[in-house]
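I have placed the structure first, in the form of structure tokens, so that the comments after it can refer back to it.
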Amino acid sequence: MKICVYAISKNEEKFVKRWYNSVKEADKVYVLDTGSTDNTVNLLKECGVIVKQEVIKPWRFDVARNLSLDMVPIDTDICVCTDLDEVMEKGWRKKLEEVWKDDVTRAAYTYNWKLINGKPVISFYLDKIHKRKGYRWTHPVHETLTYDGDEVKILNEDIVVDHFPDESKSRSSYLPLLELSVKEDPLDDRNMHYLGREYMYYGKWNEAIDTLIKHLNLERAIWKDERCASMRFIGRCYLNLNRPLEAEMWYKKAIDEAPHLKEPYSELGLFYYKMGKYEEAKDLFLKALNIKQGYKSYITEYFSKDFYIYDVLSICEYYLGNFEKSLEYIDKALQITKDPRIIENRNLISKKIDI
């Protein structure tokens with residue numbers, strides 16, 4: 001099979017070599033550079049990457065992705081779309097060839113969106129591997145692949161891509177692009193949810209609430225995980241508006257919407273924890289821990305991870321005077337992570353027990 005990698009770039013010189021070394025198992029690698037002013041283009045060419053340069057005005061991610069896809073020869077069997085701040089773990093090509101069949105149109109894989117000390121803490125499945133013909137990118141931001149027929153998807157969890165974002169890069173273009181995306185397709189539930197979330201990130205609490213409620217009322221908004229997230233975000237907005245009763249109501253709605261997820265229990269637990277209601281918080285954290293089945297989606301939150309829950313449970317028990325139980329929970333957290341702050345907390349708890 002002929003497998004090609006394609007990407008877009010802008011001022012990515014510090015990532016080029018690491019990225020290329022991870023994708024060079026492909027037959028060819030193509031990059032559309034959208035206006036780098038550093039050494040990105042020269043470094044890519046030195047690696048043997050086929051580079052085209054084009055400044056896109058007005059900027060849209062879908063236009064850039066499609067132009068980069070257009071660089072890939074039409075006789076390519078499999079296209080792998082990636083970004084230069086990502087690393088494909090070695091051996092990905094062989095794993096892909098082992099599962100790809102003639103009728104397959106798209107493949108999903110494990111995407112580690114956030115890593116701490118080299119360990120993934122937020123992972124989900126991403127599906128940016130696809131056949132060459134029939135696919136186009138749509139939406140100005142948070143762009144998605146659209147197929148002109150009936151998709152046949154496969155999943156190989158053993159194909160792993162790690163994400164190492166450049167935190168110095170601005171995401172200021174996201175909000176106006178999301179507003180444009182919703183204007184272009186007001187019935188698209190996914191981008192309505194993203195727009196509400198973006199308003200929340202910017203502290204536009206009332207705009208976020210209004211937009212997230214619009215998301216919940218859309219006919220296409222049927223995925224319970226995403227609906228639950230919109231409800232949690234509404235709760236956060238009300239909390240920031242100093243309206244805790246409404247925040248609590250929406251957190252409870254989120255639990256009712258998706259009781260199979262850890263996130264709503266954990267977020268309401270944190271709400272009670274910050275209010276000093278440690279018994280109520282404990283109950284919710286324990287319910288979250290009782291959810292054992294694995295799930296992977298971009299909805300996953302850092303505070304729903306077991307080590308985080310054990311950490312906060314330990315603090316709850318500490319304030320309740322249950323030092324032995326506090327020590328038990330913090331030891332469980334330390335089995336998962338060796339965070340210096342948690343280690344220091346353990347020392348403080350141990351002193352209480354010694355007294």
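Any residue at all in region 180-191 that is crowded, with 18+ Cβ neighbours inside 10 Å, farther than 23 Å from Tyr125 by Cβ and in contact (Cβ under 8 Å) with a residue 12 or more places away in the chain?
Yes, region 180-191 contains a residue that is crowded, with 18+ Cβ neighbours inside 10 Å, farther than 23 Å from Tyr125 by Cβ and in contact (Cβ under 8 Å) with a residue 12 or more places away in the chain.
Name the single residue that is farthest from the chain's Cα centre (by Cα) among those in region 292-314 being hydrophobic (A, V, I, L, M, F, W, C) and modelled with pLDDT of 95 or more. Step through it out loud before you land on a result.
Keep residues of region 292-314 that are hydrophobic (A, V, I, L, M, F, W, C), which gives 299, 303, 307, 309, 312-313.
Keeping just the survivors that are modelled with pLDDT of 95 or more gives 309, 312-313.
On the way: Ile309: 20, Val312: 23, Leu313: 25 Å.
Within region 292-314, the match that is farthest from the chain's Cα centre (by Cα) is Leu313.
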>> Could you tell me how many of the residues in region 220-259 are open to solvent by less than 50 Å² (accessible area, probe 1.4 Å), of a type in the set (D, E, K, R) and without any contact (Cβ under 8 Å) to a residue 40 or more places away in the chain?
In response: 4
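So which helices (runs of 4 or more DSSP H) stay within region 267-355 end to end and still have 1 or more residues that are farther than 27 Å from Trp250 by Cβ? Lay out the reasoning, then the answer.
Numbers: elements: 278-289, 306-319, 323-336, 340-354.
Filter on region 267-355 gives 306-319, 323-336, 340-354.
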> Among the residues of region 1-38, which ones are in contact (Cβ under 8 Å) with a residue 60 or more places away in the chain and either within 18 Å of Asp70 (Cα to Cα) or part of a strand (DSSP E or B) (or both)?
Replying inline: Lys2, Ile3, Cys4, Val5, Tyr6, Ala7, Ile8, Ser9, Ala26
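Do we have any residue at all in region 161-173 that's assigned to a strand (DSSP E or B), open to solvent by 30 Å² or more (accessible area, probe 1.4 Å), among the hydrophobic types (A, V, I, L, M, F, W, C) and touching a residue at least 40 places away in the same chain (Cβ under 8 Å)?
no
Out of everything in region 344-355 that is among the hydrophobic types (A, V, I, L, M, F, W, C) and open to solvent by less than 60 Å² (accessible area, probe 1.4 Å), what residue ends up being nearest to the chain's Cα centre (by Cα)?
Kept after step one, since they are among the hydrophobic types (A, V, I, L, M, F, W, C), are these residues of region 344-355: 348-349, 353, 355.
Pick out the ones that are also open to solvent by less than 60 Å² (accessible area, probe 1.4 Å) and you get 349, 353.
Numbers: Ile349: 35, Ile353: 40 Å.
Out of the qualifying residues, it is Ile349.
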>> Residue under question is Tyr194, and the condition is that it be surrounded by fewer than 14 Cβ atoms within 10 Å (Cβ to Cβ) and among the aromatic types (Phe, Trp, Tyr); does it hold?
In response: no
>> Which condition from (1) open to solvent by less than 10 Å² (accessible area, probe 1.4 Å); (2) aliphatic (A, V, I, L, M); (3) part of a loop (DSSP other than H, G, I, E, B); (4) free of Cβ contacts under 8 Å to residues at least 40 places away in the same chain is the one that Val55 breaks?
In response: (1)
>> I'd like the residue in region 328-343 that is touching a residue at least 24 places away in the same chain (Cβ under 8 Å) and among the β-branched types (Val, Ile, Thr) and, out of all such residues, is surrounded by the fewest Cβ atoms within 10 Å (Cβ to Cβ).
In response: Ile336
> Restricting the first residue to region 265-286 and requiring it to be over 13 Å from Tyr308 (Cα atoms), which pairs with a second residue that is in a loop (DSSP other than H, G, I, E, B) meet a Cβ separation below 7 Å and a spacing of at least six or different chains?
Replying inline: Tyr278/Leu320
> Out of all the residues in region 170-189, which are basic (Lys, Arg) and modelled with pLDDT of 95 or more?
Replying inline: Lys183
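The values are calculated or read from the model by the stated rules, or taken from the named source; none is laboratory data. Source: prediction; values computed, not measured. So basically every Cβ, Gly included, is an ideal-geometry build from the backbone, and we count neighbours across all protein chains shown. Accessible surface areas use protein heavy atoms only, side chains included; no ligands, DNA or RNA. Shrake-Rupley method; radii C 1.70, N 1.55, O 1.52, S 1.80 Å.
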